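The next block holds one structure in the form of structure tokens; read it before the comments.
The values are calculated or read from the model by the stated rules, or taken from the named source; none is laboratory data. Worth saying up front: this structure is predicted, and the values here are computed from it rather than measured. Cβ atoms come from the backbone with ideal geometry, glycine included; neighbour counts cover every protein chain shown. Accessible surface is based on the protein model in full, side chains and every heavy atom, while ligands, DNA and RNA are left aside. Shrake-Rupley method; radii C 1.70, N 1.55, O 1.52, S 1.80 Å.
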Amino acid sequence: TNSTRMRVTIVGSSGINAEYGGVPRTHPFNQGPAHFGDDAFFIVENEKRSVIGIADGVGGWRRYDVDPSKFTRGLMTNCERIARSTTTDILNPVGLLQRAYEQMMQMKSPLLGSCTACIVVMDKEKKEVSAANLGDSGFMVVRGDTVVYQSQEQQHYFNTPYQLSISTGRQGVIQDRPSDADIATISVQKGDLIVMATDGLFDNLFQKQIVERLQHIDRYAPTYEDLKEVADKLAADARTHALDESYMSPFAMKAQHYGLNFRGGKLDDITVLLASVVDCWSSENKDDT
């Protein structure tokens, strides 16, 4: 039988004034999660499944002299380690997030912080994606020019997403649970593209703009370079709009919906993961393209 596999290219920008560049990573050869600013992500690829995850740190912790990126990197490191060491047929994304979060809470001196998180597990035998999304990072499955699925953002109120936190008793810190995540299971097929990103992408680009960029990929025979170029361009598009004070961004439209007089993009870290679903005709084919 054919197994399905995801090919993944990662791009991001570390802080809006930082030098913008792409970091392509081919797994499983590169170990450990990577990060851009307060965003972090991981990829695990094996015979049974592909697992990708992303987290976005809550910058407000800097007011307490806490580096938000340490929390996101800690969570993604735990997720990656658990995903890599899990040999059972099923890996539940909420369970993965729960175990990773519990491990952080059990540390002798826990890392303080908060973050949103999104985990996508692709089962290569069942050819389906199972996902858990907590907060306003997210993902979309695109088939041709059609969005088959887009995750729903979770907000307590405007610009205050659901988040995992470790606050050691600090008052007023929002503390949601992995079980609060929005969950979904979606069948995928050859040629599907999966875009996973932090809110730096979705706050600055509309769904239509993202889908238009994806049309530059030959989805049935995508090259690594094509995926990388489009992921780069998505991050660059979002960055350009984030700096445009006259642009009516998705974020600005949400702000106006809540009665706030706001125009322009939203300055933020931007991390984009782009995955293509391709077929491998035999399990002997070990090429990781």
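Worth a mention:
- Residue ranking by accessible heavy-atom surface, 1.4 Å probe, largest first, among Asp237, Asp65, Asp199 comes out as Asp65, Asp237, Asp199.
- In this simple spin-label model, placing a label point 7 Å from the Cα along the Cα-to-Cβ direction at both Tyr220 and Met105 gives a separation of 4.9 nm.
- Phi-derived couplings, Karplus 6.51 cos²θ - 1.76 cosθ + 1.60 at θ = phi - 60°, listed residue by residue for region 242-252: 4, 8, 8, 6, 9, 6, 8, 7, x, 5, 5 Hz, with x used for Gly and Pro.
- With protein chains left intact and a 1.4 Å probe, residues in the chain average 44 Å² of accessible area per residue.
- Inter-probe distance in nm under a simple model that places probes 7 Å from Cα toward Cβ, at Arg263 and Asp244: 1.3
- Taken about its Cα centre, the chain carries a charge dipole of about 520 debye when Lys and Arg each add +1 at the Cβ and Asp and Glu each add -1 at the Cβ.
- Calculated log₁₀ intensity ratio I(q)/I(0) where the Debye formula runs over C-alpha points of region 55-161, q = 0.12, 0.20, 0.22 Å⁻¹: -0.48, -1.13, -1.25
- HN-Hα J in Hz across region 139-152 - Karplus 6.51, -1.76, 1.60, θ = phi - 60°, x for Gly and Pro: 8, 9, 9, 10, 10, x, 10, 10, 7, 6, 7, 9, 5, 8
- Here region 135-197 has 41 percent of its accessible surface on carbon and sulfur atoms, given a 1.4 Å probe and all protein chains in place.
- Here the Karplus curve 6.51 cos²θ - 1.76 cosθ + 1.60, taken at θ = phi - 60°, turns the phi angles of region 49-59 into couplings of 7, 10, 10, 10, x, 9, 9, 10, x, 7, x Hz, with x standing for Gly and Pro.
- Taking all Cα pairs closer than 8 Å and separated by 6 or more residues, the relative contact order of the chain comes to 24 percent.
- Percent carbon-and-sulfur accessible area, region 226-266, ignoring ligands, DNA and RNA, probe 1.4 Å: 52
- Reachable lysines, given that their alpha-carbon falls under 16 Å from the alpha-carbon of Lys126 and they are not under 8 places away in the same chain: Lys48, Lys190
- GluC sites (Glu not before Pro) restricted to DSSP loop in region 79-127 with at most 14 other C-beta within 10 Å: Glu125
- Nearby lysines by direct alpha-carbon distance to Lys266 (threshold 29 angstrom, same-chain neighbours under 8 apart not counted): Lys70, Lys208, Lys228, Lys233, Lys254
- Ordering of 115-121, 162-168, 82-88 by burial proxy (mean other Cβ atoms within 10 Å per residue, highest first): 115-121, 162-168, 82-88
- The H on the amide N of Val148, modeled in the peptide plane, is under 5 Å from the matching H of Val141, Val142, Arg143, each at least 5 residues off or on a different chain.
- The chain - Kirkwood radius from inverse mean 1/r over Cα pairs (Å): 19.0
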